[in-house]
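Enquirer: Here's a structure for you.
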Amino acid sequence: MRPIFAVGLVFAGCCSNVIFLELLARKHPGCGNIVTFAQFLFIAVEGFLFEADLGRKQPAIPIRYYVIMVTMFFTVSVVNNYALNLNIAMPLHMIFRSGSLIANMVLGIIILKKRYSVFKYTSIALVSVGIFICTFMSAKQVTSQSSLSEDDGFQAFAWWLLGIGALTFALLMSARMGIFQETLYKQFGKHSKEALFYNHALPLPGFIFLASDIYDHAVLFNKSELYQVPVAGVTMPIMWFYLLMNVITQYVCIRGVFILTTECTSLTVTLVVTLRKFVSLIFSILYFQNPFTLWHWFGTLFVFLGTLMYTEVWNNLGITKSQPQKGKKN
């Protein structure tokens, strides 16, 4: 039941999280650093109180391994969020993050010497192509609506290329981190809550280098229009409300992901997260009333065909852990 519960957290938390992230990014495209900082701070404080027992509980996995994992995790989070400030539209942002399926499989073959069945290779290719079609068409729509002058065209394209490079780097680093997590859990056991805490607490000093940008956006958030929170009846600047909801939903999302990493292989986790990104994309299109073309439906078909093919190796609703043998096919 834990894996099923974790999948529910991933889909509920992450899909709603994308909505609030897009609301933030549409108003202030460069707000990635303050969003990342708020997410890390919230999860670190919660973990310090309830997981680390105010620092009295010793970690089951040696700190030196967490330092390596944290370096990768912090880098991926900051680079992914900062890419939104480099002329990368939200749908295009999802193109590269959905490509983690292929990156995870390739690195798994190279580093862990894994081998997979033909159906598994085909399913992952279909899922990746399907999400690519959907996100590419959405990105094309966003691009067609932009109104840049010719003088600004080259500069915008240069920033866009830098953003693509940043996302490519984050993609490969994220796949490598997933494999590193999998090897750690095999060696030291499953400790999802502990990993969640240390991955967010240890990087906090690194935000000192981003303090100026974080402060500038906090000032901008304070100047946003006031919003009365339903039920609570509290009035606050609307950008702070978006950030608060983004942080809460991100916690729900990443809690589910970390539980999955202890119950499934890194490839299965990647597939679940990738399918979540696809659902987030569709939900974002519907919520923000973006056109849903025939190409989007083709992408949807590819994703679900790929998912059905992948379920050949999923027992118990596709969440039971599979263990590929070295040099042998799954």
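The values are calculated or read from the model by the stated rules, or taken from the named source; none is laboratory data. Note that this is a predicted model, so its numbers are computed, not measured. Virtual Cβ from ideal backbone geometry, glycine too; neighbours counted across all protein chains shown. Heavy atoms of the whole protein, side chains included, go into the accessibility calculation; ligands, DNA and RNA do not. Shrake-Rupley method; radii C 1.70, N 1.55, O 1.52, S 1.80 Å.
Enquirer: Using label points projected 7 Å from each Cα along Cα→Cβ, tell me how many nm separate Glu46 and Ile109, to one decimal.
Expert: Between Glu46 and Ile109, the simple spin-label model gives 3.7 nm.
Enquirer: Okay, moving on. What ³J(HN,Hα) values, in whole Hz, does the Karplus curve 6.51 cos²θ - 1.76 cosθ + 1.60 give for region 54-59 when θ = phi - 60°, with x put for Gly and Pro?
Expert: 6, x, 7, 8, 7, x
Enquirer: At a 1.4 Å probe radius, which order do Arg2, Arg276, Arg56, Arg115 fall into by accessible area, largest first?
Expert: Arg56, Arg2, Arg115, Arg276
Enquirer: How much area per residue is accessible in region 157-224 when the probe is 1.4 Å and only protein heavy atoms are counted (Å²)?
Expert: 50 Å²
Enquirer: Moving on to the next point. Order 280-289, 45-54 from most to least packed using the mean count of other Cβ atoms within 10 Å.
Expert: With the highest mean Cβ count within 10 Å placed first, the list reads 280-289, 45-54.
Enquirer: Further, regarding this structure: Show the residues, 5+ positions off or on another chain, whose built amide H is closer than 5 Å to the amide H of Tyr116.
Expert: Asn330
Enquirer: Now for a separate question. Leu244 label point, 7 Å along Cα→Cβ, cut-off 11 Å on backbone N: hits in region 12-50?
Expert: Backbone N within reach: none found.
Enquirer: Note down the net charge around Ile19, summing +1 for each Lys or Arg and -1 for each Asp or Glu among other residues with Cβ under 15 Å from its Cβ.
Expert: Net of charged neighbours comes to +3.
Enquirer: Can you compute the FRET efficiency between Leu294 and Glu225 using 1/(1 + (r/R0)^6), with r the Cβ-Cβ distance and R0 = 35 Å? Round to the nearest 0.05.
Expert: 0.35
Enquirer: Turning to a different aspect of this structure: Looking only at region 168-204, which residues have a backbone nitrogen under 19 Å from a spot 7 Å from the Cα of Phe5 in the C-beta direction?
Expert: Of the residues in region 168-204, 190-197 have backbone N under 19 Å from the label point off Phe5.
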